[in-house]
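Single-structure report; data block below.
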Amino acid sequence: MATSAAPTAAGTEHSATGSAATLLTADDVAKTYRTRRREVTALRGLSLDIGAGEFVALVGRSGCGKSTLLRLLSGLLPATAGQIRVAGQPIDGPPRQARCVFQDYAQSLLPWKTVAGNVRFGLRHAYEPAEGGHDELVAHYLGLVGLGHAADRYPWELSGGMQQRAAIARALAARPQLLFMDEAFSGVDALSRAKLQDVLLHAWAEEGLTVVFVTHDIDEAVYLADRVVVLHPEGRGVLADVRTGLPRPRGQLTTRESPEFLHHRRELLHLVLDGEDSGE
Ligand SMILES: Nc1ncnc2c1ncn2[C@@H]1O[C@H](COP(=O)(O)OP(=O)(O)O)[C@@H](O)[C@H]1O
Ligand SMILES: [Mg+2]
């Protein structure tokens, strides 16, 4: 079933990494929201290529269109103009090989199912497991996010950080190639957030994922990603595309104190804050 060959999208001007095959392409994409009273063009003229296996963070000031772009890329919203392609194929709805994790973990898990039940639900329609069956896979993904001990508990018995780990395990259980996350760690306390970041980095490395991670937190973007894409404050495409490439594996203390981390953090803060100041 595996579609191993990701055809290189025609018209791609550059390869982001110089080697990875392009998995996700946004080609001159625009989105206009039409409400009864007015139209809001949240994004226009946005083009972006993301290579297989990349960890890309999307940042920018509030209202610049980060969530809109993530919904377009994940097929949850149709673009008003332009095209999104996954492995060369134009999408028309959420692609099979993608899953999303959002900020509001309290609404994402099914409260009447245990943690294991929620994870099992994630793989339900994705594929038929081989020998060992569902139980082994559920145990694998719970272990991957450090929730092996909480399999039989209910979501409401868990802290916010643990619920979000369960949501990640459920998304991963479908074995997606692409994982889209929108401010997924913004609703938890600082220590849980650091733990979630490391859980995600571990899962990304283990599962060979491609991650597109929206955050308003520049430090989080630099800590997690290899590439930080800054959106224009008024929705006019990509303002900057910064390849950070800090060494891996990363550590909450070692990475965040390193001169490269501080350099990129400063550079990106300038880009986002300057964007905020330039009103014209
Ligand atoms: N459903 C919607 N209807 C109308 N306007 C919307 C809708 N969703 C977002 N917008 C507008 O689109 C712009 C971008 O929003 P959003 O993508 O949520 O930005 P961000 O995630 O960067 O804060 C904002 O001006 C916002 O008000
Ligand atoms: Mg948003």
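Here Lys66 is the anchor, and the lysines within straight C-alpha reach of less than 22 Å, apart from those fewer than 8 places off in the same chain, are Lys31.
Shown in residue order for the stretch 73-84 are the 3J(HN,Hα) couplings computed by the Karplus curve 6.51 cos²θ - 1.76 cosθ + 1.60 at θ = phi - 60°: 5, 8, x, 7, 10, x, 6, 7, 8, x, 9, 10 Hz (x for Gly and Pro).
Non-local amide H neighbours of Arg153 (under 5 Å, H modeled in plane, Pro and chain starts lacking H): which ones? The list, which skips near neighbours in sequence, is Val115, Ala116. Taken about its Cα centre, the stretch 132-260 carries a charge dipole of roughly 140 debye when the Cβ of each Lys and Arg holds +1 and the Cβ of each Asp and Glu holds -1. Using only side-chain charges placed at the Cβ, +1 for Lys and Arg and -1 for Asp and Glu, the dipole size of the chain relative to its Cα centre rounds to 700 debye.
Think of the chain as a dipole: +1 on every Lys or Arg Cβ, -1 on every Asp or Glu Cβ, centred on the Cα centre; then among Leu137, Gly117, Ala87, Gly117 lies furthest on the positive end. Helix 259-277 axis versus longest C-alpha principal axis of the chain: approximately 60°, rounded to the nearest ten. When nucleic acids and ligands are ignored and a 1.4 Å probe is applied, His263 ends up with an accessible area of around 100 Å².
Taking all protein chains together, Glu207, Glu260 sort by accessible area into Glu260, Glu207, largest first [probe 1.4 Å].
For Ser62, the solvent-accessible surface computed with a 1.4 Å probe is close to 100 Å², ligands and nucleic acids excluded.
The values are calculated or read from the model by the stated rules, or taken from the named source; none is laboratory data. Small disclaimer: the values here were computed from a predicted structure and weren't measured. Neighbour counts run over all protein chains shown; Cβ positions are idealised from the backbone, glycine included. Calculation scope for accessible area: heavy atoms of the full protein, side chains included, ligands and nucleic acids excluded. Shrake-Rupley method; radii C 1.70, N 1.55, O 1.52, S 1.80 Å.
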